[in-house]
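Report on the structure given below.
The values are calculated or read from the model by the stated rules, or taken from the named source; none is laboratory data. Since we're looking at a predicted model, the values are computed, not measured. Note: ideal-geometry Cβ built from the backbone for every residue, glycine included; neighbour counts use all protein chains shown. For the accessible areas, the whole protein counts, side chains as well, though only heavy atoms, and no ligand, DNA or RNA atoms are used. Shrake-Rupley method; radii C 1.70, N 1.55, O 1.52, S 1.80 Å.
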Amino acid sequence: MTTVVETQPTPLRRLRRALTPQEWRRLAGMAAAKPFIPQDDSAVLAEVPPGTRHSELATRQVAAKRLDVALPLAQLYIKQARSTGDLRFLGYAEAMLDPWIGPGATSADALVLHATILQSRHDFSGALQILERARALRPDDAQAWLTSATVLRVLGRYDQSRSACEQITVRADPGVVELCKQSIRGLTGELPAAYAAVRQIDSQGMPPEERAWRDSELGEMAVRLGRDIEAERWFQNGLRASPADFYIRAAYADLLLRNNRPREALSLLAGQETLEPLLLRIAIAQKILRDPGLAQSSARLAAAFAAEAQRGDGVHRREEARFLLDVESDPRGALAAAQENWKAQRETDDVLVLLRAAHAAGVPQAAQPAAAFVQEHGVQDVRIAAVMGEQS
């Protein structure tokens, strides 16, 4: 059972996996600059231990000497981790970067990629520290500011996230800047206006991943506004732009499940069983339908969460809370998991699962931190409002 790198179906998190065009051109230029070509076939590039079957060791030795090799390979491994859900690729990426991220690091690009790896592992404070080092080397690094905005949003530190967005106003594509700003605006009491503003962003000419990010951001906003028909259209558009995007697929599946369409959810998620966030939604749909496949799905999820607990890993704590609540019918266990999750991240879905678990466990006061967060920031979400209304 592989473990998916990230759990949140939060569209802004696409900033972590798609460089802006300017940043990508810079990285691509580095990768293309002065390739090393041996003078003859007898040149030794790296000494590989006997029995080695994977090219990883040889590649790592070359990458340790050539930054222009290490950076594109690390980026490739990070994308591979996200597309397959296999955490080992993050380890490969980190191995490529290791010689370039020590105390004397001089490459902002290497540090930003390292921060992305830490973020993927939910080491948010570590990621922010590394991003600060990257900005010390290159204060105008747009990707470092964008990634900081993403991490700060996950932590619910909206004022700081907004400030990070402001830093890229003259350094990134206008559409990216506007998406960054409006995504925070939509979480701080101005959701209808933010939704209207994002709809005005012209997606023509955007790279597919940026277009998918815009459409999925609109889908998430429409969900929070209670406009499910519009949300479905945006999610469908996003998947057309980026079919492999499991964040959009998870958000779309949640929409279908919430509207009592479990068979359509299963169809949407067919073949996605290796990714825990999607397997969770498969299991929820199977439970609604009394599908015999539920036993196997539940066993796989339970084993995955147990393995994470053994490693001291909380990457899927929100999914574990939903699993215990919606599949295992264990509200007390769900509440404990949701409370632990709240210590690490504070997105709207984290608010929702804590409120729901506390209500189901018969101790609504246990969700007071989440309720206070909603009030403090003016979070607008019809799903959250409905649960809070039940508890009042």
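Overview of values
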read-out	value
Pairs with Cβ under 8 Å, 6+ apart, first in segment 299-311 and farther than 11 Å from VAL327 by Cβ, second open to solvent by 60 Å² or more (accessible area, probe 1.4 Å)	ARG300/MET1; ARG300/GLU273; ALA303/MET1; ALA304/MET1; ALA307/MET1
Restricting segment 163-182 to residues that are modelled with pLDDT of 95 or more and over 18 Å from ILE201 (Cα atoms), the residue that is surrounded by the fewest Cβ atoms within 10 Å (Cβ to Cβ)	SER163
Evaluation of TYR247 against (1) touching a Pro at 6+ places or on another chain (Cβ under 9 Å); (2) modelled with pLDDT of 95 or more; (3) buried (at least 22 other Cβ atoms within 10 Å of the Cβ) (one fails), failing number	(2)
Identity of the residue in segment 158-182, within 16 Å of GLU210 (Cβ to Cβ) and assigned to a loop (DSSP other than H, G, I, E, B), that ends up farthest from the chain's Cα centre (by Cα)	ARG171
Number of positions in segment 307-334 that are more than 22 Å from ALA250 (Cα to Cα) and at pLDDT 95 or above	4
Identity of the residue in segment 338-360, open to solvent by 10 Å² or more (accessible area, probe 1.4 Å) and without any contact (Cβ under 8 Å) to a residue 60 or more places away in the chain, that ends up nearest to VAL379 (Cα to Cα)	LEU352
Those residues of segment 144-157 which are assigned to a helix (DSSP H, G or I) and open to solvent by 10 Å² or more (accessible area, probe 1.4 Å), in sequence order	TRP145, LEU152, ARG153
Selection count where residues are within 20 Å of the chain's Cα centre (by Cα) and open to solvent by 20 Å² or more (accessible area, probe 1.4 Å), scope segment 183-204	1
Failed item in (1) surrounded by fewer than 19 Cβ atoms within 10 Å (Cβ to Cβ); (2) modelled with pLDDT under 95; (3) not hydrophobic (A, V, I, L, M, F, W, C), with GLU210 passing the rest	(1)
Any hit, segment 230-242, residues being of a type in the set (Ser, Thr, Tyr), buried (at least 22 other Cβ atoms within 10 Å of the Cβ) and not in a loop (DSSP other than H, G, I, E, B)	no
Residue within segment 344-356 that is polar (S, T, N, Q), under 22 Å from HIS122 (Cβ atoms) and assigned to a helix (DSSP H, G or I) present	yes
Helices (runs of 4 or more DSSP H) wholly inside segment 244-331 that include at least 2 residues being under 28 Å from PRO208 (Cα atoms)	246-258, 262-268, 276-289
Single residue of segment 59-98 satisfying the filter (of a type in the set (Gly, Ala, Ser) and surrounded by fewer than 19 Cβ atoms within 10 Å (Cβ to Cβ)) that is modelled with the lowest pLDDT	SER83
LEU354 being within 25 Å of THR188 (Cβ to Cβ) and of a type outside the set (S, T, N, Q)	yes
Those residues of segment 114-143 which are over 17 Å from the mean Cα position of the chain (by Cα), buried (at least 17 other Cβ atoms within 10 Å of the Cβ) and of a type outside the set (A, V, I, L, M), in sequence order	ARG133, ARG135, ASP141
